[in-house]
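Asks: Would you mind keeping the following structure in view while I ask a few things?
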Amino acid sequence: MAEALRGTQSTIVVEGYASAADKDKNSASLDRANRLRDQLVRNGLDPNKVVALGKGEQQGRGGGARIVES
């Protein structure tokens, strides 16, 4: 995943989402986003180009994270 994103000049946004079971939705979603961001940086992406955002709980999305290239 990181290898495919390495050549992009765009900012990479990692969005984290909370699950219904999480007590602190904002904290849990940000934690998920930061864990994925850290993994991408460890695999060679420029840390200045990868931003983590916690989106809280959103209907239709389970707990987890996704990558959005902007």
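Asks: Just checking, does the stretch 11-20 include any residue being in contact with a helix residue (DSSP H, G or I) (Cβ under 6 Å, 6 or more places away or on another chain) and in a loop (DSSP other than H, G, I, E, B)?
Replies: Within the stretch 11-20 (the criterion being in contact with a helix residue (DSSP H, G or I) (Cβ under 6 Å, 6 or more places away or on another chain) and in a loop (DSSP other than H, G, I, E, B)), the answer is yes, since at least one residue qualifies.
Asks: Condition first: touching a helix residue (DSSP H, G or I) at 6+ places or on another chain (Cβ under 6 Å) and open to solvent by 50 Å² or more (accessible area, probe 1.4 Å). Now tell me which residues in the stretch 21-52 satisfy that.
Replies: If we filter the stretch 21-52 for residues that are touching a helix residue (DSSP H, G or I) at 6+ places or on another chain (Cβ under 6 Å), which is where we start, we get 22, 40-41, 43-45, 47, 50, 52.
Selection gives ASN43, PRO47.
Asks: So which pairs qualify, if the first residue must be in the stretch 47-61 and under 18 Å from LYS23 (Cβ atoms), the second must be assigned to a helix (DSSP H, G or I) and open to solvent by 60 Å² or more (accessible area, probe 1.4 Å), the Cβ gap must be under 7 Å, and the two must be at least 6 apart or on different chains?
Replies: Close Cβ pairs (under 7 Å, with a partner that is assigned to a helix (DSSP H, G or I) and open to solvent by 60 Å² or more (accessible area, probe 1.4 Å)) amount to GLY54/ASN26; GLY54/LEU30; GLY56/ASN26.
Asks: Give me the residue from the stretch 1-18 that is under 14 Å from ARG66 (Cα atoms) and of a type in the set (Gly, Ala, Ser) and, out of that set, nearest to the chain's Cα centre (by Cα).
Replies: Out of the qualifying residues, it is GLY16.
Asks: Which of (1) modelled with pLDDT under 95; (2) part of a loop (DSSP other than H, G, I, E, B) does VAL68 not meet, given it meets every other one?
Replies: (2)
The values are calculated or read from the model by the stated rules, or taken from the named source; none is laboratory data. What you see is a predicted model, and the numbers here were worked out from it, not measured in a lab. Reconstructed Cβ throughout: ideal geometry from the backbone, glycine too, with neighbour counts over all protein chains shown. Please note that ligands, DNA and RNA were not included when accessible areas were found on the heavy atoms of the full protein model with its side chains. Shrake-Rupley method; radii C 1.70, N 1.55, O 1.52, S 1.80 Å.
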